[in-house]
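The structure appears right after this line, and notes come after that.
The values are calculated or read from the model by the stated rules, or taken from the named source; none is laboratory data. Owing to the predicted nature of the structure, the values given are computational and were not obtained by experimental measurement. Please note: Cβ atoms are built from the backbone with ideal geometry, for glycine as well, and neighbour counts cover all protein chains shown. Remember, those area values only see protein heavy atoms, side chains included, never the ligands or the DNA or RNA. Shrake-Rupley method; radii C 1.70, N 1.55, O 1.52, S 1.80 Å.
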Amino acid sequence: MLPQQALADHLRHDYDALASSIGTQSEADWERKSCRACLADGLVEILNLGQMPPANSLLRPQDLSKPELRFPLSLRLCGQCGMVQLGHVVPASLLFRSYLFFTSSSRAMSEHFAGLMSEASDRYVPPGGLVVEIGSNDGTALASIRRRDARVLGVDPARNIAVMAAARGVPTVSEFFTETLAREIARVAGPASLVVACNVLGHIDDLDDVCKGFKVLLAPAGAIVIEVPYLGELVDHGEYDTIYHEHLSYFAVHPLATLLNRHGLRLEKVEHFGVHGGTMRCTAVHGDGVGPDVQKWIDRESERGLNRPQAYLPFAAKVARDRTALVAQLQELKKQGKKVLGYGAPAKGTVVLNYCKIGADLLPAVIDSTPAKQGWHVPGTHQPIWPPEAMQRERPDAILLLAWNHADEIKRREAAFIASGGLIFTPHLTEESGK
Ligand code: JHZ
């Protein structure tokens, strides 16, 4: 067994223990009725993806016959501030204490974060200054900082990953980020000139506690750089598979600015990047209001009515249409005697396979390059996860690109498959190459 797998396997015992205690609770125990950004009541459902297993709760072969946890996946809108969020909260300790997603699994994402760290640390970190990353994962981003005169500290609750970060030379506190922890970091290490939080704000239920933590940790002239997938693109492109229990919030600019303002933080700048299906990088500082360009984002969001339930009707209709079309496509390929494999076992893949009820009869296995995932199975639909070498052995005719956000990197890796005429399509049925 590889070290990554051994640790994940070991921590699975904790997951099982937690899962059996949670299994006795009811839906009402997980429901949240007030908005995470502005605390208003009265959230309105805009999409329902049914009962879904936690997307990263991969199964070992010996778990396949055991009952699995499923939780409601209901997407709701706050009519007050426009925050889109899940109506139910799966306990964070179940989702994040042992984590199977590693930032280093994508070269393109590693380069993206290295760019962020170098730009932001040049701008905000004086000699001897401190950079704190929340949700630092395996330390990839912090390790990319080459400056010897900057101090770095990661914070990530996943114990298996904190070990990997430490091995990379990135000191990591393996805890959830809270105001209490922020005070302790500030007391021991001093205020942070730069706080980075990429793809993690959406994971946290109590955003007030996190913002209080930002406020006490941040140095007077420091900055917080937050990256989150952008709601506008999720809706425009029908990226329903990015909706899963780990992602409690789906940010647009207005609700994020509202949240930060409530805590004496000013959203100064918003930049757009294509990664993860459309991402915004938001820079916040001490203060109030928003920067002039940020106001333009807010005006555009208000013009398109992102805080009104009607704006989401075409999105919900496209999600249902995509499901029907994807299943029809897989059935047709099966009828033609073609072999189809999934590519990537991302959290998104679990959502697609379970929402569309795609079992091993239509898609017998998925390929993933992460050693810790190989040999395990997709929750709910149970496809085994094979390493990329299986492509040569299995010689599929087509692949369903579940990790569609890494299309370029995967296409480079699988150039031989494409050269031989292999078909690649995504759950949203964009044809990437054809026979
Ligand atoms: P990927 C992640 O979601 C995790 P996920 C997280 N929840 C988050 O917030 C979002 O990102 C934004 C594999 N792969 O990045 C590796 C290959 O097999 O889409 C991964 O298992 N071959 C924090 O889980 C998966 O695909 C390759 O060449 O949806 C990609 O997962 C490459 C590049 C990746 O994340």
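In region 1-307, carbon and sulfur make up what percent of the accessible area (probe 1.4 Å)?
On the way: 6470 of 12090 Å².
About 54 percent, which is the carbon plus sulfur part of the accessible surface.
Can you order the peptides 336-349, 28-41, 132-145 by their average number of other Cβ atoms within 10 Å per residue, highest first? All intermediate terms of the calculation are to be shown ahead of the outcome.
Numbers: 336-349: 21.2, 28-41: 15.4, 132-145: 25.4.
Packing proxy ranking, top to bottom: 132-145, 336-349, 28-41.
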inquiry  = Along its three principal axes, how long is region 164-252 when you only count alpha carbons? Whole Å, largest extent first please.
reply    = 45, 32, 21
ask   = With every protein chain in place, what's the accessible area of Thr279 (1.4 Å probe, Å², nearest 10)?
value = 0 Å²
query = So how tilted is helix 107-124 from the main axis of the chain? Cα-based, degrees 0 to 90, rounded to 10.
reply = 10 degrees
request  = With a 1.4 Å probe and every protein chain kept in, tell me what percent of the accessible surface of region 330-425 is carbon plus sulfur.
outcome  = 51 percent
ask   = Non-local amide H neighbours of Thr172 (under 5 Å, H modeled in plane, Pro and chain starts lacking H): which ones?
value = Gly154
ask   = Residues with beta-carbon under 12 Å from that of Glu271, excluding Glu271: net charge, scoring Lys, Arg +1 and Asp, Glu -1?
value = -2
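Can you give the local net charge around Asp138? Use residues other than it whose beta-carbon is closer than 11 angstrom to its beta-carbon, Lys and Arg +1, Asp and Glu -1. Display every interim value, and only then the final one.
Values: positive: Arg168; negative: Asp156.
After counting each charged neighbour, the total is 0.
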request  = Count charges around Ala345 for me, please; just the other residues with Cβ under 12 Å from its Cβ, Lys/Arg as +1, Asp/Glu as -1.
outcome  = +1
task = Please work out the C-alpha center-to-center distance from region 330-391 to region 169-219 and express it in whole Å.
result = 37 Å
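May I ask you to list the GluC sites (Glu not before Pro) in region 333-435 that are in a DSSP loop and have at most 15 other Cβ atoms within 10 Å of their Cβ? List each step's numbers first, then the result.
Details: sites: Glu389, Glu394, Glu409, Glu414, Glu431, Glu432; in loops: Glu389, Glu414.
Filter output for region 333-435: Glu389.
Equivalent ellipsoid semi-axes for the chain, as square roots of 5 times the alpha carbon gyration tensor eigenvalues: give them largest first, rounded to whole Å.
Details: eigenvalues 232, 128, 96 Å².
Rounded to whole Å, the semi-axes are 34, 25, 22.
Report the trypsin sites (Lys or Arg not before Pro) located in region 46-150 that are in a DSSP loop and have at most 12 other Cβ atoms inside 10 Å of their Cβ, or state none.
Working: sites: Arg70, Arg76, Arg97, Arg107, Arg123, Arg146, Arg147, Arg148; in loops: Arg70, Arg97, Arg146, Arg147, Arg148.
Those satisfying the criteria are Arg146, Arg148.
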task = Could you please put Ser106, Ser302 in sequence from largest to smallest accessible area, using a 1.4 Å probe?
result = Ser302, Ser106
Label point 7 Å beyond Cα of Glu119 along Cβ direction - residues of region 140-156 with amide nitrogen under 19 Å = 140-147
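Using r as the Cβ-Cβ distance of Asp208 and Gln25, and R0 as 30 Å, what FRET efficiency do you calculate, to the nearest 0.05? Provide the component values of the computation, followed by the final result.
Details: r = 24 Å, r/R0 = 0.80.
The formula returns an efficiency of 0.80 here.
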Spin-label model distance (nm) - His263 vs Glu409, 7 Å beyond Cα toward Cβ = 2.9 nm
message = Starting from the 7 Å offset along Cα-to-Cβ, what nm value, one decimal, do you get for the label separation of Arg70 and Arg393?
response = 3.1 nm
task = Any cysteines in the chain with zero other Cys Cβ atoms under 4.7 Å from their Cβ? List them, or say none.
result = Cys198, Cys211, Cys282, Cys356
request  = For region 153-164, just list the computed ³J(HN,Hα) in residue order, Karplus coefficients 6.51, -1.76 and 1.60, θ = phi - 60°, integers in Hz, with x standing in for Gly and Pro.
outcome  = 8, x, 10, 7, x, 6, 6, 5, 7, 4, 4, 5
